[in-house]
Amino acid sequence: TFKMLCGLLSATSGKAQVLGMDLRKSPAAIRQRIGYMAQRFSLYGNISVLQNLEFFAGVYGLQGSDKSKAIEEMAELFALKPYFSTTAELLPLGYKQRLSLACATMHQPELLFLDEPTSGVDPLMRREFWNHIRALVDRGVTVLITTHFMDEAEYCDRIALIYRGVS
């Protein structure tokens, strides 16, 4: 469902609006205003952490000093600087997740989709992620998150449960 709402998959029927825009008519405009972090590491594993940050900054239209500033902020926020030259696939899982969240948020999206962002990470990393998520919400970002951890669901303002594929 998130992939469809992000404009990454086409709907077979029906209508959808994201941020007040028609998903069928304006998928590119929507993608510039949202962030998406997949459950599985979906960045480019064969390039460095810095190259991933530079690539996604470009995808989101950041250029020049705005691009440099965003990369610097994400590197600082997620403690990625020591790993700039490391190939992304060689990162420990927690750092892969940090990099994924950094890439999804560097353009300061209004709406952020997080698909099981803490799946497979240790309890300390889970707590750190929720601190980042709460900070985003405090800045006014709307966050839609899927999780199978009920203790994480307690952090959310609204909850929807899906049973047998029906919410």
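The values are calculated or read from the model by the stated rules, or taken from the named source; none is laboratory data. Here the structure is a predicted model, which is why all the values come from computation and not from measurement. Here the Cβ positions follow ideal geometry from the backbone for every residue, glycine too, while neighbour counts run over all protein chains shown. Areas reflect the complete protein model, heavy atoms only, side chains present, ligands, DNA and RNA absent. Shrake-Rupley method; radii C 1.70, N 1.55, O 1.52, S 1.80 Å.
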Output for region 74-90, where each listed residue is under 14 Å from I47 (Cα atoms) and surrounded by fewer than 20 Cβ atoms within 10 Å (Cβ to Cβ): F84, S85, T86, T87, E89, L90
Selection from region 120-167 of residues that are assigned to a strand (DSSP E or B), under 26 Å from L93 (Cβ atoms) and of a type in the set (A, V, I, L, M, F, W, C): V143, L144, I145
Residues within region 116-167 that are farther than 28 Å from R33 by Cβ, surrounded by 10 or more Cβ atoms within 10 Å (Cβ to Cβ) and of a type in the set (K, R), tallied: 1
Some residue of region 77-87 being of a type in the set (G, A, S) and assigned to a loop (DSSP other than H, G, I, E, B): yes
Flag for S10 being among the hydroxyl-bearing types (S, T, Y) and open to solvent by 80 Å² or more (accessible area, probe 1.4 Å): yes
Selected residue (criterion: most open to solvent (accessible area, probe 1.4 Å)) from residues of region 16-41 that are in contact with a strand residue (DSSP E or B) (Cβ under 9 Å, 6 or more places away or on another chain) and within 16 Å of L101 (Cα to Cα): R40
The one condition in (1) part of a loop (DSSP other than H, G, I, E, B); (2) surrounded by 15 or more Cβ atoms within 10 Å (Cβ to Cβ); (3) not aliphatic (A, V, I, L, M) that C103 fails to fulfil: (1)
Residue pairs meeting the criteria (Cβ under 8 Å; at least 6 apart or on separate chains; first at pLDDT 95 or above, in region 47-61; second among the small types (G, A, S) and open to solvent by 40 Å² or more (accessible area, probe 1.4 Å)): S48/S85; V49/S85; L50/S85
Qualifying positions in region 106-119 - in contact with a helix residue (DSSP H, G or I) (Cβ under 8 Å, 6 or more places away or on another chain), more than 17 Å from G58 (Cβ to Cβ) and either assigned to a strand (DSSP E or B) or not β-branched (V, I, T) (or both): E110, L111, L112, F113, L114, D115, P117
Matching residues in region 1-15 - criterion: being over 23 Å from Q97 (Cβ atoms) and of a type in the set (S, T, Y): S10, T12, S13
Pick from region 63-73, criterion more than 22 Å from K96 (Cα to Cα) and not charged (D, E, K, R), ranking: least open to solvent (accessible area, probe 1.4 Å): G64
